[in-house]
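The values are calculated or read from the model by the stated rules, or taken from the named source; none is laboratory data. Everything numeric in this text was worked out from a predicted model, so none of it was measured. Here the Cβ is made from the backbone with ideal geometry for all residues, glycine too, and neighbour counts use every protein chain on show.
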Amino acid sequence: MKPRVCCDRLDMLLADAGEKLFSVIANGTGPRRGFFLQARPLDRDVVLPSRATDAVEPSLRRGDGRPASIAVVMELHLSFCPSCGRDLAAWVRAHAVEFDALAREGAPHIMKTPGAG
């Protein structure tokens with residue numbers, strides 16, 4: 001089967017969007033339009049405490065017992081395919097319709113910026 005993007009590996013990373021570990025998402029909105037490497041260290045159904053006063057699992061505490069911070073999702077803009085090296089901005093320009101379809105699939109998995117809608 002022909003990949004939807006430049007290579008099979010990027011296609012596989014897109015298929016894993018929103019899952020634990022590493023994936024790639026397509027973001028079709030505004031100045032952030034492009035592909036992003038996303039890392040999620042936890043499964044989606046893990047519920048973290050919302051305040052320092054909430055119960056915290058021992059593994060989420062520092063050595064001195066204070067609650068520890070954890071990044072639950074990280075995103076990094078990709079200029080080039082991490083597998084084959086293709087210029088992804090050029091791919092997006094040349095395949096706008098295909099990219100927009102990938103961006104619709106990726107929309108639910110985009111990291112929400114605090115204070116932004």
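Residues that are touching a residue at least 12 places away in the same chain (Cβ under 8 Å) and touching a Phe, Trp or Tyr at 6+ places or on another chain (Cβ under 8 Å) were ranked within region 15-32; the one that is farthest from CYS81 (Cα to Cα) is GLY28. Restricting to region 67-83, name every residue that is in contact with a helix residue (DSSP H, G or I) (Cβ under 6 Å, 6 or more places away or on another chain) and modelled with pLDDT under 85. If the condition is that a residue be in contact with a helix residue (DSSP H, G or I) (Cβ under 6 Å, 6 or more places away or on another chain) and modelled with pLDDT under 85, then ALA68 is the only one that fits.
Could you say whether any residue in region 84-92 is more than 14 Å from HIS109 (Cα to Cα), outside any helix (DSSP H, G or I), hydrophobic (A, V, I, L, M, F, W, C) and modelled with pLDDT under 90?
Filtering region 84-92 for residues more than 14 Å from HIS109 (Cα to Cα) gives 84-92.
Filter once more, so that each one left must be outside any helix (DSSP H, G or I): 84-87.
Adding the requirement that they be hydrophobic (A, V, I, L, M, F, W, C) leaves 84.
Filter once more, keeping what is modelled with pLDDT under 90: none.
No, that holds for no residue.
The set of residues from region 1-32 being touching a helix residue (DSSP H, G or I) at 6+ places or on another chain (Cβ under 7 Å), assigned to a loop (DSSP other than H, G, I, E, B) and more than 13 Å from HIS95 (Cβ to Cβ) comprises ALA17, GLY18. Output yes when any residue across region 45-66 is of a type in the set (Val, Ile, Thr) and either at pLDDT 75 or above or not in a loop (DSSP other than H, G, I, E, B) (or both), and no when none is. The answer is no, given that none of the residues of region 45-66 is of a type in the set (Val, Ile, Thr) and either at pLDDT 75 or above or not in a loop (DSSP other than H, G, I, E, B) (or both). Of the residues that sit in region 9-28 and are at pLDDT below 90 and buried (at least 16 other Cβ atoms within 10 Å of the Cβ), which one is nearest to SER79 (Cα to Cα)? Looking at residues that are at pLDDT below 90 and buried (at least 16 other Cβ atoms within 10 Å of the Cβ), I get GLY28.
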